[in-house]
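Please read the structure below before turning to the comments.
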Amino acid sequence: MNREQLASYQPLHVFDEAIFENIVDDLVTSGFSIQENGLPDFITQALLTCQRSISEAEYKKAGIGRAENYQKAEKVRGDEICWITGSSEEGALWLSWCEAMKQYINRSLFMGLFSFESHFACYEPGKFYKRHVDAFKGQGNRVLSLVAYLNDSWEEADGGELVLYFDENDQIGTKVLPAKGTFVVFLSEAFPHEVLPSVRTRHSVAGWFRVNGTVNDSIDPPR
Ligand code: OGA
Ligand code: MN
């Protein structure tokens, strides 16, 4: 970079780290963090713009594993998904905010988070996602889950709550309304969770921070 370029150089984005600090504190004390209205407004707006630009054809039925048997999957989850590639400015902004969160968490907790992947999910009325964990111990390498919500004025009667269970024996859990601006972060292996049947069309973003599972000469691409 020459002097002129240097003088006009701006880091791409500088994000307010206060919210990241809250997440880290919560992760240390309980392994999960529920941030009601915690998404910065410009991130919510970027996600909404991005989500609204996706055509119906781009949403695909979500699967439940590598050998995807959609009939079987339908009984477990009924959402449709679209991966966020960062090809739009808004998608890229979301990914860079998550990257900043990843770096903050790594600096604070030495979690060694390596990559991040995320998709939009749409639950049409009546759809749900049965109780599950996002990663199994010793397998997979999703270590931290993130879910963010994009729905205006959601009420209990609208269903579709996320229920986060504190361990495998917990049958009560805690409910989170998928209201615009709310997001949740939790350790992927530790917290079973489900999405209750939704009454309204429900939009969310689900994402996972992964550690690098590359061993020897077998590479482990993010997706
Ligand atoms: C998932 C998931 C929760 C939600 O996609 O794995 O658990 O509230 N989503 O959308
Ligand atoms: Mn999940």
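What follows draws every value from the coordinates through simple rules; no lab data is involved. The structure presented is a predicted model; accordingly, all values stated were derived computationally and were not measured. As a convention, Cβ positions derive from the backbone with ideal geometry for all residues, glycine included, and neighbour counts pool all protein chains shown.
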**Prompt:** Among the residues of region 159-199, how many are more than 13 Å from ligand 2 (Cβ to nearest atom) and not in a loop (DSSP other than H, G, I, E, B)?
**Reply:** 6
**Request:** Please work out which residue is farthest from Phe166 (Cα to Cα), limiting yourself to region 18-38 and to residues that are over 15 Å from the mean Cα position of the chain (by Cα) and β-branched (Val, Ile, Thr).
**Result:** Ile19
**Fill in**
Over region 138-163, the set of residues within 17 Å of Trp208 (Cα to Cα) and under 18 Å from the mean Cα position of the chain (by Cα) is Gly140, Asn141, Arg142, Val143, Leu144, Ser145, Leu146, Val147, Ala148, Tyr149, Leu162
**Complete:** Among residues of region 73-105 being more than 17 Å from the chain's Cα centre (by Cα) and polar (S, T, N, Q), the residue surrounded by the fewest Cβ atoms within 10 Å (Cβ to Cβ) is Ser87
**Fill in**
Sole miss for Leu113 among (1) farther than 23 Å from His203 by Cβ; (2) in contact with a strand residue (DSSP E or B) (Cβ under 6 Å, 6 or more places away or on another chain); (3) within 15 Å of ligand 2 (Cβ to nearest atom) is condition (3)
**Request:** Please find, among Gly86, Gly126, the residue that is touching a Pro at 6+ places or on another chain (Cβ under 8 Å) and at positive phi.
**Result:** Gly126
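Of the residues Ser153, Ser115, Ser204, Ser145, which single one is surrounded by 20 or more Cβ atoms within 10 Å (Cβ to Cβ) and over 23 Å from Asp25 (Cβ atoms)?
Details: Ser153 fails: surrounded by 20 or more Cβ atoms within 10 Å (Cβ to Cβ); Ser115 fails: surrounded by 20 or more Cβ atoms within 10 Å (Cβ to Cβ); Ser145 fails: over 23 Å from Asp25 (Cβ atoms).
None of the other options fit; the residue is Ser204.
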**Message:** I need a count of the residues in region 164-188 that are within 13 Å of ligand 1 (Cβ to nearest atom), over 13 Å from the mean Cα position of the chain (by Cα) and not basic (Lys, Arg).
**Reply:** 7
